[in-house]
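Only one structure is covered here, and it is reproduced in the block below.
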């Protein structure tokens, strides 16, 4: 059952070009947003569509794949885990973000 703990699988489209961050030690990290779609029928029977945006972080060897092949608008599938970060602004305000840390990435059909 441990394999089921904190597991996220998403299929969606990139909302922006991946941001590649290079650290002083040479390691890299990729960040981008991923949109997933959902639809339902309202009380009147009209179809309602909605996009949900997810913050995605890629580390390790997969960064080179993202850097070379993954582009804005492309559909991908990811497998990863949820994380939360908190930081404080210069004004002393606390900020929080939820991110998906990618373990596996699969590039799907065209744009």
Per the rule of 0.36 nm per residue minus the C-alpha distance, extending residue 85 to residue 59 adds in nm 7.8 nm
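Quick check on the chain: of the DSSP beta bridges with both residues there, what percent are antiparallel, nearest 5%?
Numbers: 38 of 41 bridges.
Antiparallel bridges make up about 95 percent of those DSSP assigns within the chain.
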With an 8 Å cut-off on Cα pairs and a minimum separation of 6 or more residues, tell me the relative contact order of segment 10-111 in percent. 28
If you line up the Cα atoms of the chain on their principal axes, what length do they span on each, largest first, in Å? 56, 40, 35
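Given only helices, namely DSSP H runs of n ≥ 4 each adding -39500 (n - 2.57), what is the per-residue ellipticity at 222 nm of the chain, to the nearest 500 deg cm²/dmol? Mind dumping the intermediate values first?
Details: 1 runs with 8 residues, N = 111.
Computed ellipticity for the chain at 222 nm equals -2000 deg cm²/dmol.
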Calculate the length of the line joining the C-alpha centroid of segment 1-31 to that of segment 46-111, in whole Å. 5
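Computed from the coordinates by the stated procedures, all read-outs in this text should not be read as laboratory data. Small disclaimer: the values here were computed from a predicted structure and weren't measured.
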